[in-house]
Structure formats: structure tokens, C-alpha cells
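The block underneath contains the structure these notes are about, expressed in C-alpha cells.
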Amino acid sequence: MGTVNYATLARDILDKVGGESNVASATHCATRLRLKLKDESKADKAAVEKLPGVITVMRAGGQFQVVIGNNVPKVYAELGLISKLTGDAAPEDTGPKGNILNQFISLISAIFLPVLWTLAGAGLFKAFLALATNFSWLNAEGTTYTILNAAADGLFYFLPLFLAVTASKRFKTNMFTSMAIAAALVYPAIVALGAATGPVTFFGMPVVMMSYTSSVIPIIVAVWLQSYLERGLNKVLPDAIRNFTTPLLVLLVMVPVVLMTVGPVTTFAAQGISSGVNAIFGFAPWLAGAIMGGFWQVFVLFGLHWGFVPIMINDLTNQGYSLLSGPLVAAVLAQAAATLAVAITTRSAKRREVAAASTLSGFLAGVTEPAIYGVNLPLKKPFYFGIAGGAVGGAIAAAGGSAANAFVFPSLLGLPAYMSIGNFTLQLIGTGVAIAIAFLLTLFFGPREQADVEAESIDTTEIPQDIPGLSLAPHVITLSTPVAGTAVPLEGVKDKVFASGAMGKGLGIVPSDGRIVSPVSGTVVVAMKTGHAFGLKTDEGVEVLVHIGIDTVQMKGEGFTSAVVRGQHVERGDLLGTVDLAAVERAGFDPTVITLVTNSADLGQIDPATHGTLALGDPAMTVHLSQGVLTNA
């Protein structure tokens, strides 16, 4: 089909259906742009079908359906940029419904992903800088150190500004307005207010201040709220003043709101937790150590750790040591150890690069942001194993009364600060146990990622056919049945577009069960928020669409549950989602599950099953890759 300019395609479609004024509403499913037109006679169906990127056009269900394929979300997104037709709906949902933890992890990971490499590099920079000062290679009071430290620490200090950029893309806000909100949070005068001892007020209302430098959650919450305020203002403000009035009002509202809500909530929560943990140190130090060691990185994740910092500094000032800091070495190094195990076990070259750099910054400098956001949190299990190791190690360290006599980053290089207070031997044992638990659990029970290098096609015309010891063997991929049921030939499916083969070769299955699994091992490239369709891509480049029911997008997710997110790697047989077949039938829709190879034209022969009863996981289709693979003869 060639390269398609989706911005141009969206504009051309809109023009050829009679313009925005002729479109009552616009939605999309896994493959089609669905337009409800006010006057269908104004739409030039033939002209739309000729547009580059359009497979076909059909009128059905009172809709003008433009069949585009897996890239329909791109056209839909472009349509939203040139019109008001897409409303507040995002083209795709990247988090599964009903699982708040998964949604949160997916959100944080997606927001951190664009800055991950810089974060890893800066963390490694900080580790080497800490090493240089600990061994007196650099004077920590000198101007050379100040300049280098600014280069290493600037990203972490101004982290809200960077996250404002990525969060604005996630929540579809004005990027520069989001950055302006973040800039206000780390503005020097605001930082100074956070350190001030006197009351802070806003038009007479008290404001509880906290430090927003290096924080994560406050700016993400702010940009999320901004997205609703901004869209609302853009709908009601006149065109003549919208461009400058919207950011003015957003800044006027959002900065005070964040300072007066997020600040107090996180500050009071952190103070409550820290006071409770301090009290536990009085009668059960091991329990307090387990809480601090296990949940310190969680506190960091939510910005709650700032409530502990003033107490630690106060303890250092008044008594010369801080018991709260004793379990933190175990907490930090456990996460670094889990990251090291991922670096060893993963087959993903990209993940290994991030993990290797993050391991060094975690162990040497106590900087775990790259490890958490780039490795452990997205993979989930390593993060949990790090928590487990930190809890056990923290309990051991606290049982020996370990405490720091200086405010240092908990790390290998910071261990000398723990030598004078409490039992340093137990601190070392606790730290070693934490590292061992996190490392071994991740090593043996952690996720096993597949290689992320896509297979390159081989031009057989350039390969001599008579190389001794090598032969060109055909490469066949088998797609298994995504759902148990009865196979029907694709031409028998009650949907003209699918039945015509325009979307690719495949088959239909009349399901007998509502469990839908992946027919291949690969990456989820499409996960519709309605849960009725999934797009997959194998390492060999085979693109597969699993579409549950016909026109079931109109059910708006009722009866469907998604178990995967876009970007997730799945193995053959992994659960994609479930469907309530009775609900589909009650709604009057055909429940047939269509499985297609959407890039059939780029591949070789494809042989789908056409009849008979298929059990879950049975062979459903064979795909002969046209190039084949080199093998040892």
C-alpha cells in the first residue's frame, strides 16, 4: 500500500464525506472509521475508496464505514486534530479495565518511557560522581564538582518538567501549558516556601507546602486534571480568544489547585506514615525496619518519602543519627539486585541495556528511578521481589539498631555513614540478605522476555543455493485457535469486508466458550478499549487480528473484559480477554470470532481451517513465509 500520510488521509476523508458539518459523530473499531452522516447523499463513496490507505467503504448499521485496517487509530487521532468530532474519547485504551494496579503501572511506565535512556545515563553519571567524591578524586566543595553535579542531577531535580512533556502527550494536553504548571511547582520561590517555617496562604486560605523537586505523582495528577479543564474550556471559549485564554485560565486554576490539594494530601499522608513508623521503632524495631525496607520505594513512587526527610534531618540535628534511615540501604539495593537479575535473564537487548546502567546507578549511587521505571515496575515481579528483599533485609538491619549519622543516599558508597551507630554487622547481613532475596527470586521466578529484534526478510536471490552445509528451508508459522468452537470459511462470515478477504486471509469460529487466547507469540499492537478486538505482531512480522463478534463495537465494552495492554508481549495461549456470549446474543450481534492475517499480501501461502470443531489451541491456520530461513543442512 506504500507510505500513507494519515493527516492527509483524515483530511481527505472528511472533505469527501461532506465536511465536518455533515458528520454527526465519529468513532472507530479495530479496523474501521465509523462515521454517522447527517446527509449520506453528500458523501462520495467511490472517491473515498480511491484514497491511499483506504481498503474499502461500506454502508451498514446507519454508518459510513471506512475500512483502513490496523492503522485506523492513527487516522482517528488525526481527525481529532482537525475537527471536534472525536470528542473526549481516546482512540485506544492502553490499560485493562477493572485492574487499577495494572492501569497505574501501565500509565507510569508509558510516561517514563521517552525519558528512560536519559534517566539511566544521568543515574550512571551520579554513580560515578559519588564514586569520585568518596575516593577524594573530586572535592565536593569545589566548583568542578558543582558543574558536574548540575549535569548529573539536573534531570532528577527538574523531573516534573520532563514528565509534564510525556504526560501531556499521554493525556493530550497543550505541552507548553503542562510544562508551565511543572515550572511553577519547582519555581525557586515555591521551593523556598516549602522550606519556610512560617504559614503559607493563598487569598487567606492556608497552603500546606511540600517539595515538588524530583517528584513524580503531583505533576502527573496535575496534567490529568488539566486535560479535562482544557477540553472544557476549548469547547466553550470563543475562537477569537481561545488560543491565549485557555492557557491563562488553566494556569490560574491548576497551579493553586495542585498546591492546595496534592501538597497537603501527600504531606499529611507522609507525616502520618512516618510518625507511625517512628512509634513502631520504639517497641518493635524489626517491624518498623520491615515496613521501611519493604515500602520505601513505594513511598518514593508516590512522593510520600518527602514526609520522612524532615524527620530524618531533625533526628540528625538533635541526636546525631536517624533510625529511620537504617533499613533504606536494604530497600534500595534490593531493587538494584532485582534489576541485575533482569539484565542477566532478559533476551531483550533494549531492556538489558537499561538494566545494566540502572544496576550500577542503583548499587553505587542509590539512584533507583531508572531501575524502577525502566525495568522493575513495567515487569512487575522484579519490583515485588525487590520489596520482599527490602522488607527482610530492613528488618534485620533495624533489629541491630542500625542508623546513619549523616544524610546520605542509601547505597554501597553510603555504607560508611552506617558504621558508627548500631550493629554494623547486622546492617551488612541485612543488606546482603535483601540483595540475595531480590536477585534470586527474580533470577529463577522473574519474567522471561523474548528478544526484541524483529526478523529481517532474506532476499533469496542474493543467496547462493549451493553453499556447503547450508540450505534454504521454508519457514512455516502455525496460528492456533484463539477460541473453542466451530470453524467456518472466511467467505461465510456475515460481514462483507471480512468475507471479501480485503482485510486479509483467515477464518471465522463460532465460539462455544468466552475465553479468548493469543493464537501466536508476539506483541500486542492493538488492544481496543471495548475489549472486542486485538492486533498482534509476531517476531517474524506476521500481523494477526482477532476480532470478537460482528459489529460488537456498538456494545461499548459491555460483556467484554481485556486481559492485555498495547505493547505487552504475549505467548501463544496467553489470555487476551473474555466475552459474555449470552450478552452478545441478547444484544442481537453475531458472536463469530474472526482471525485474520492482515498483511497476507506480503506473505506466502496461507491455509486456514475451513470446517470442523476446534478445541482451544488447535492448529487454525498455517502461514508460509515467502522468504524462508537459512538452516544447517
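Between VAL257 and GLU49, with labels modelled 7 Å along Cα→Cβ, what's the label distance in nm to one decimal, could you check?
Each label point is offset 7 Å from its Cα along the Cβ direction, giving 4.9 nm.
Net charge near LEU237, counting Lys/Arg +1 and Asp/Glu -1 over other residues with Cβ under 15 Å of its Cβ?
With Lys, Arg at +1 and Asp, Glu at -1, the neighbours total +2.
I'd like the FRET efficiency for ASN71 and HIS611, computed as 1/(1 + (r/R0)^6) with the beta carbon distance as r and R0 of 30 Å, rounded to 0.05.
0.40
For the chain, what does -39500 (n - 2.57) per DSSP helix run (n ≥ 4), summed and divided by total residues, give at 222 nm, in deg cm²/dmol to the nearest 500?
Helix-only estimate at 222 nm: -14500 deg cm²/dmol.
Could you compute the net charge surrounding ARG448? Neighbours are other residues with a C-beta less than 11 Å from the C-beta of ARG448; K and R count +1, D and E count -1.
Taking every other residue near ARG448 into account, the sum is 0.
Across 10 Å bins from 0, what is the distribution of all Cα-Cα pair distances for the stretch 464-632, in whole percents?
11, 39, 34, 10, 5, 1, 0
Given an 8 Å cut-off on Cα distances and at least 6 residues of separation, report the relative contact order of the chain as a percent. Write out the running numbers ahead of the final one.
Numbers: 1291 pairs, mean separation 75.2, N = 633.
This gives 12 percent for the chain.
Which order do peptides 135-144, 499-508, 35-44, 421-430 fall in by mean Cβ count within 10 Å, highest first?
Packing order, densest peptide first, comes out as 499-508, 421-430, 35-44, 135-144.
Between SER21 and ARG347, how many nm apart are label points set 7 Å from Cα along the C-beta direction?
Spacing of the two 7 Å Cα→Cβ label points: 5.8 nm.
Write down the radius of gyration of the stretch 6-82 and its Dmax, each obtained from C-alpha positions, in Å.
10.7, 28
If R0 is 41 Å, what FRET efficiency do you get for TYR187 and SER136 from their C-beta distance, rounded to 0.05?
The computed FRET efficiency comes out at 0.70.
Using a Förster distance of 41 Å, how high is the FRET efficiency between ASP618 and ALA269, based on the Cβ-Cβ distance and rounded to 0.05?
Working: r = 52 Å, r/R0 = 1.27.
After rounding to 0.05, the efficiency reads 0.20.
Let me check I've understood the local charge: for GLY504, count other residues with C-beta under 15 angstrom from its C-beta, Lys and Arg +1, Asp and Glu -1. What total comes out?
-1
Under the √(5λ) rule applied to the eigenvalues of the Cα gyration tensor, what semi-axes describe the equivalent ellipsoid of the chain? Give them in Å, descending.
Numbers: eigenvalues 497, 212, 98 Å².
Semi-axes (√(5λ), whole Å): 50, 33, 22.
Would you be so kind as to identify all helices of the chain, as entire DSSP H runs, whose Cα atoms reach 30 Å or more along the helix's own axis and whose mean Kyte-Doolittle hydropathy is at least 1.0?
Span-like helices, by this rule, are 239-283, 424-445.
Working out 0.36 nm times the residue gap between LEU575 and TYR145, then minus their Cα-Cα distance, what length gain in nm do you get to one decimal?
Gain on extension, LEU575 to TYR145, equals 149.6 nm.
So for the pair THR478, ILE241, with labels modelled 7 Å out along Cα→Cβ, what separation do we get in nm?
Distance between the two pseudo-spin positions: 6.9 nm.
From the gyration tensor of the Cα coordinates in the stretch 546-626, what semi-axes in whole Å does the equivalent ellipsoid have, largest first, with each one equal to sqrt(5λ)?
Result for the stretch 546-626: semi-axes of 25, 16, 13 Å.
Read the figures in this text as sums done on the coordinates, not as results from a lab. What you are looking at is a predicted structure, and each value in this text was computed from that prediction instead of being measured. Note: ideal-geometry Cβ built from the backbone for every residue, glycine included; neighbour counts use all protein chains shown.
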